[in-house]
Structures are given as C-alpha cells and as structure tokens.
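Working notes, structure below.
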Amino acid sequence: MRIVSRLLLLTCLILAISCDTKKADTYTEAEIASSSGALNAWFDEQFDADVAQSPQWQTNLGFKTNYGKWDDISSNQMAEELDLAKERLHHLNNDVSIEALDSVTAISYKLYKLNLENTIEDYEYRFYNYPVNQMFGLHTSVPAFLINKHRIDSLSDAKAYIERIRGIKPLFTELQNQLSIRETNQIVPPKFVLDRVLDDSKNILNGKPFEKSAEQMPILADFQSKIEKLKLDEETQNKLIKEASEALIDSLKPAYEELIAFVDNQKIRATTDDGAWKFPRGDQFYKIALNRSTTTTMSTKKIHQLGLDEVARIHGEMETIKENLGFEGSLQDFFKFMRSDEQFYYEDSDAGRAAYMKQAKAIIDNMRGRLDELFITKPKAKIVVKRVEAFREKSAGKAFYNSPAPDGSRPGIYYANLYDIKAMPKYQMQALAYHEGIPGHHMQLAIAQQLDRLPKFRKFGGYTPYIEGWGLYCEYLPKEMGAYEDLYADFGRLAMELWRACRLVVDTGIHDKKWTREEGVAYYKENTPNAESDCVKMVERHIVMPGQATAYKVGMNKILELRANAEKELAEDFDIRKFHEVVLGQGALPLSVLEELVNDYINSNNQN
C-alpha cells in the first residue's frame, strides 16, 4: 500500500508542477482525466486507510476484517488523526491543482479540503461533548452494534462476536478515562443526563446469565438466535453459548458496573446547567457547532428569528386546517384535542404496537410504488421497518434510519420507537415514514452509496442540513402528490415541520440565551400538539447535541428555495424528476455547493 501511495503522490506532484505553468483552458481532456483519476484514487486510498483504523466502520461497510475488535477511542488516536489531517491538507494545498480536475472531482477536492480544515479547527474542542448520554454512547451502542451489525454466518464469526464481548472491559476502561478528561476540562453533563445513562446501563445487566431469569439479556439472546441458524452440532453450539456467557460475566458485567459507579460518583458534582454557555469558551464552541450543523455562517440571532417566523407561519396554516375541519376553539384547544383524543392513537398494547408497525410498512410500500413519479434514479438497497429494541427504547429518539451495507448484506432500517404509544400519533405516521424511509433518508443515503463516479468519502460521508433537510423536504413532497390521506394527516405533516421550526428557537434559547430545560419544554408544549414526553426528549436532545437540530429546517428551506428558483427560471421546462436527480446526484453536500449545482443545472437548461 505504501508503494501505491508513493506512486499516486508522485503522479499528483508531477501533474501539479505542470499545472503551475498552464492555464485551466489549456489542459487536454486526457490530462484532466489523468489528473482527476489520480486524485480520486488518492481519495479512496485515504478512505481505505481510515476504514483500516476502524474495526466498527469495517463491519458497518459489510467487511469482516478485524471482526472481533472495537475502535480505538483514546486521546492518542485523536492526536494521530489530527496529524494525518494536517499531512493530507498539505498535500492538497501544495501538490494538487484544482484547475486540472473535472467538475465532479473539483467538488470532491473542495469538500475533502473543507473536511480537513474543519477537523483541524475542531481539534481544540474535541472534548466538548458527552461520550455517554441518553441519545448515544457506548453503553447503548455496544449492544446495539452487536445485535444489528455483527452478522454470524460462520463459526469464526461467532468466535469474533465472543471476542468483541471480551473486549468490552478495556473499551469501557478507556471510556471512563475519556469521561475523566472531560470533567478536568469542565465538560460534565447535567444531572438528568447521568440519570438516563444509569437507567440504560442497568437495563443491560438484567436477565441471564447475570441472574436467574426466564429471559436472557439482549446480547446473549441475539448470540444464541444467530448461532442456531448455523445448524452446528449440539456440542459446539453449547460450547459457544457457554463461552459467550462467561465473556458477558467476566467482561461486560464488570465494565458496566464500573461505568455505573463512575457515573454515580460524577452525579455528585453535576449541576442543572444545561447550555453550552457553561463550557470554557462556550460561546465560540456553539458558534462553530451551528456553522457545522447548518453548513452556513448564520448567526445565533438569525437562526432564532428564523425559527420564530416559521412557527408563526405554520401556526397560520394550522388555523386554516382547524377551520376546514369545523373545529370550534383556539389553536391551543385543537392541539389539546389532537393530543388527547383516542381516535388518533393506537392501543397501548402489543396488538396496538403490531398494528402501528403493519401500517408503517404499508406506507413505505405504497410510496415505493410511486417513486417513478418523482425520481429517475432509485435505490437498489432494500428497506425494512423495525421497532427500537427494548433495552434502549426508553431513551432513544422517536424514529431514525440506519443506512444499508453497500454490499447488500444489510438493508436500510427505518426504526420506530413505540415505547410511548402516545408519542406516535396516527396523524404523524405518514410524514414520519416519508422522512425516515421513502422518499427520505433511504432514497438519499442508499443512492449516494451507488454513485460510481464519486470517491468513497463522498458516498459514505454526510452533511446534516443536506441529509436532514432532504428528509424534511420529503415530508412535504407527498402533499403535492395527494398522498396524505386526509386533513388530519396533513396537519400531522405541519406538526412535524412545526417541530423542526421550534428547534431553531429552543436550541439557540438553551445554548445562547441560557434557557433552562424547563423553559425549553414549556415552549414546545405551548406551541406544538406533541405529547409532553416528546417535548422532554427533544429538549434533552438539544442539551447533549448543541446545534444539531437546527440543520433540518435550514436545509429544507434551502432545498425549497432552490426548487422555487428552478421552477421560476425554467418555467414549463422544469421537470421535478430532473431537479431531484441534481439534488441527489452527487451525494451529501454543503448547502452552498448544492446551490452552485442547481444554478449550473438552471443555466445549462436555459442555454439549451
């Protein structure tokens, strides 16, 4: 690999030297193709090198190399990644000329360079996060990874699964070290976050082999289910189950017990301060977090005001629906009606949850059959709908999507969280499925993986406002198709858009204006029809992921703005399918780069 790397570097260097003596319009097609090919090969080599450092990423991509290992989460690894970013940036700045690249590769150059610059700038704030919280962290991601990502197709795969269980103890030892470093840097979660972490961690230690119980703990149940499908002889199967049980007792159990003790101890020093403003240089950190989350330079004040304006507009549209339904009373009264009337909710039972899942799958299947109306390119990967697993459903978000494996070994997954059935109303089902599944995240992320002309870092990378903006745009898109069943379902669509508008207000409120958790919850309750549990979870998400939730509405607004401009400029020549081909045709992009592509599409069509 080192020999290949040197050859590629030499090729790019030679091309770069020649670039210094040429103008862009003097390159031949062959030279541009050669230069672009060399740089794309370099991009893929860097991607492969990064993947080689991450056993879990390898598994995510469907590879079984380092199959029994976990990622290195140490500070030394972070420092090595910083040095590597600096080396790569030096190469792009000094050894490559963007003028000698084709248009797609030129965008790749800009994106890769931007990613490196962000990595270097963000290193100062590498400890400004909460490695364990109610949204994510090793305490929940480790079991979820084993259950959902580690396939067992052979005896060696089963042994690798056991090896990963044994590796949990050293992994969690480093996790505690990372938590200690953050506390030294005055980065400690609020008390409520630690309570959620304790609940989820203790849940893992329930069932066999830790206690006499009729039920197995989730990892053991998953392991046994997977090896039973191998059709091994009884002696081998029993031996594997025994080894897995011993690994759980000797490694996982003490790992979680020590984490629980650490978090319990940290609770003594935790406060109820919620915003990033409490961190050292917290204002600067939050400014950068907003820039990364939106891929814009919008100020905190501007984002907050955008949220207020959008909330007012959506309330107006909701008033119209309320009146068309003949409801008498205020919008707040209507919210209360939608929040409490039994007709809008499935029964709080196994049967009710099964009915929800059946309908969610039907919504996905129906939209899949109409994709030709909107898209030219469709995803090759399949999509399935699953319930969030019991061990993490109490604290997990209401819905989310996991990308498919690029080799087709794992489908895309739309997860629905049915822990609180009152937080999953029927009137929001369609919009939720459109966002997380089809035509939302599954279309965008699965198609990105199959774009052959893109280097790997673009196929598997992402920009939140593009990804989540697309998801939110795809809640709106089916309205134009007449897909929403009735006014209540359309109200549900607006309710979800309203939810994202409120996020702009509350995220900036908490992290800039020093709102309390209770003030954030109150804003959601007063301005949306969502269940109180929804409101609490959302505010808690803002607290542990500063800026992230602002991406959705900013991204959606930009896509709608670009589409409106294309419709205006192209008039009768506008084709929604071609517009979507442009938006999805180069994978995830910063909003400014997406705007450039749409403008190029408009100009090329006007010239024709």
(request) Scan 470, 515, 499 and give me the residue that is in contact (Cβ under 8 Å) with a residue 60 or more places away in the chain and under 28 Å from residue 365 (Cα atoms). (result) 470
(request) Within the stretch 296-303, identify whether any single residue is surrounded by 13 or more Cβ atoms within 10 Å (Cβ to Cβ), of a type in the set (Gly, Ala, Ser), without any contact (Cβ under 8 Å) to a residue 40 or more places away in the chain and touching a strand residue (DSSP E or B) at 6+ places or on another chain (Cβ under 8 Å), and answer yes or no. (result) no
(message) If residue 237 meets every condition in (1) surrounded by 13 or more Cβ atoms within 10 Å (Cβ to Cβ); (2) free of Cβ contacts under 8 Å to residues at least 12 places away in the same chain; (3) not in a helix (DSSP H, G or I) apart from one, which number is that one?
(response) (3)
(message) If I go through the stretch 111-138 residue by residue, how many of them are basic (Lys, Arg) and either assigned to a helix (DSSP H, G or I) or touching a Leu at 6+ places or on another chain (Cβ under 8 Å) (or both)?
(response) 1
(message) Anything in the stretch 302-353 that is in a loop (DSSP other than H, G, I, E, B) and over 17 Å from residue 425 (Cα atoms)? List them, or say none.
(response) 325, 326, 327, 328, 329, 330
(request) Go over the candidates 83, 48 one by one and state the one that is touching a residue at least 60 places away in the same chain (Cβ under 8 Å), surrounded by fewer than 16 Cβ atoms within 10 Å (Cβ to Cβ), acidic (Asp, Glu) and part of a helix (DSSP H, G or I). (result) 48
(message) Can you tell me how many residues within the stretch 250-275 are outside any helix (DSSP H, G or I) and exposed (fewer than 12 other Cβ atoms within 10 Å of the Cβ)?
(response) 4
(request) From the list 141, 108, pick out the single residue that is part of a helix (DSSP H, G or I) and free of Cβ contacts under 8 Å to residues at least 24 places away in the same chain. (result) 141
(request) Scan the strands (runs of 3 or more DSSP E) fully inside the stretch 356-460 and keep the ones with 2 or more residues being modelled with pLDDT of 90 or more and surrounded by fewer than 17 Cβ atoms within 10 Å (Cβ to Cβ). (result) 383-387
(request) Select from the stretch 533-569 the residues that are surrounded by fewer than 21 Cβ atoms within 10 Å (Cβ to Cβ) and among the acidic types (Asp, Glu) and write down the one among them that is nearest to the chain's Cα centre (by Cα). (result) 561
(message) Checking the condition hydroxyl-bearing (Ser, Thr, Tyr), touching a His at 6+ places or on another chain (Cβ under 7 Å) and modelled with pLDDT of 95 or more, which residue from 201, 156 passes?
(response) 201
(message) Take the conditions under 30 Å from residue 277 (Cα atoms) and aliphatic (A, V, I, L, M) and apply them to residue 155. Does it pass?
(response) no
(request) Identify all residues within the stretch 432-479 that are hydrophobic (A, V, I, L, M, F, W, C), under 29 Å from residue 322 (Cβ atoms) and over 18 Å from the mean Cα position of the chain (by Cα); write none if there are none. (result) 477
(message) Among the listed residues 528, 550, identify the single one that is assigned by TED's automatic domain parsing to the domain that holds residue 293, β-branched (Val, Ile, Thr) and in contact with a Cys (Cβ under 9 Å, 6 or more places away or on another chain).
(response) 528
(message) Please pick out the residue among 247, 312 that is of a type in the set (Gly, Ala, Ser) and either surrounded by fewer than 18 Cβ atoms within 10 Å (Cβ to Cβ) or in the same structural domain as residue 468 (by TED's automatic domain parsing) (or both).
(response) 312
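The values are calculated or read from the model by the stated rules, or taken from the named source; none is laboratory data. Remember, it's a predicted structure, so these values are computed and weren't measured experimentally. For neighbour counting, all protein chains shown are included, and Cβ atoms are generated from backbone atoms with ideal geometry for every residue, glycine included.
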